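Student: Handing you this structure, nothing more for now.
Throughout, read-outs are computed from the coordinates displayed, never taken from laboratory work. Computed from a predicted model, the values in this text were never measured in an experiment. Every residue, glycine as well, gets a Cβ built from its backbone with ideal geometry; the counts of neighbours run over all protein chains shown.
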Ligand SMILES: CC(C)(COP(=O)(O)OP(=O)(O)OC[C@H]1O[C@@H](n2cnc3c(N)ncnc32)[C@H](O)[C@@H]1OP(=O)(O)O)[C@@H](O)C(=O)NCCC(=O)NCCS
């Protein structure tokens, strides 16, 4: 699995993967395009090189402003889950954000998203707070998680 930066030819694949996963952030093509064109944005794609042509297995969307990084969306295609794809996307994202000066990465996650909470816990994110009723449809609290970055990510 190769981790590389997003380009516009990935858009359709990102939306397919997002639609497979109801707990993923619901973003439009414009949201991804805007973030990719923003100097503070970063979208990483995991590319499955075992297919011809290579296919997108997952992606992570970040923003960073000075010392604060944010993981905005993280989604892995259903058929590639539990293969270390998200771990690789977070490892590489952490390295790249460190180079931009980030010292920590924040994210928000639905309190009921147990698979994601298990993943983030394994990836050394810890709960830092809670935003009551942050999500709609259904209404739910967001947990705020943070991962302190070290030289190793
Ligand atoms: C959460 C998500 C990104 C994890 O992606 P992944 O590529 O499957 O994760 P990894 O394979 O790197 O998992 C690493 C470890 O995290 C934990 N983990 C990951 N998914 C898990 C699950 N469904 N249940 C329990 N633990 C899980 C395990 O400890 C796993 O290690 P193991 O497979 O050796 O047991 C993926 O399930 C996903 O896309 N979910 C839908 C979208 C979503 O909710 N994103 C988060 C929005 S905030």
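Student: At 7 Å along the Cα-to-beta-carbon direction for both residue 26 and residue 49, put a label point, then send me their distance in nm to one decimal.
Tutor: Between residue 26 and residue 49, the label points sit 3.7 nm apart.
Student: Could you tell me whether the range 2-54 comes out rounded, prolate or oblate from its Cα gyration tensor? Rule is a ≥ b ≥ c as square roots of the eigenvalues, rounded for a/c under 1.5, then prolate if a/b exceeds b/c, otherwise oblate.
Tutor: The shape class here is oblate.
Student: Another question about this same structure. Using the scaling law 2.2 N^0.38 Å as the reference, what is the normalised Cα Rg of the range 16-82?
Tutor: Taking N as the residue count of the range 16-82, the ratio is 1.18.
Student: Considering only the range 37-153, what is the antiparallel percent among its DSSP beta bridges, to the nearest 5?
Tutor: Looking only at bridges with both residues in the range 37-153, the antiparallel portion is about 90 percent.
Student: What shape does the chain have by the C-alpha gyration tensor, where a ≥ b ≥ c are the square roots of the eigenvalues, rounded means a/c under 1.5, and otherwise prolate means a/b greater than b/c and oblate the rest?
Tutor: rounded
Student: Decide, for the range 80-139, between rounded, prolate and oblate: order the square roots of the alpha carbon gyration tensor eigenvalues as a ≥ b ≥ c, take rounded if a/c falls under 1.5, and otherwise choose prolate if a/b is larger than b/c, else oblate.
Tutor: Oblate is the answer for the range 80-139, as a/c is 1.5 or above yet b/c matches or exceeds a/b.
Student: Separation between the residue 82 and residue 4 pseudo-spin-labels, each 7 Å from Cα along Cα→Cβ, expressed in nm?
Tutor: Output for this residue pair reads 3.0 nm.
Student: Below 8 Å, C-alpha to C-alpha, sequence gap of six or more: please give me the relative contact order for the range 2-148 in percent.
Tutor: In percent, rounded to a whole number, it is 18.
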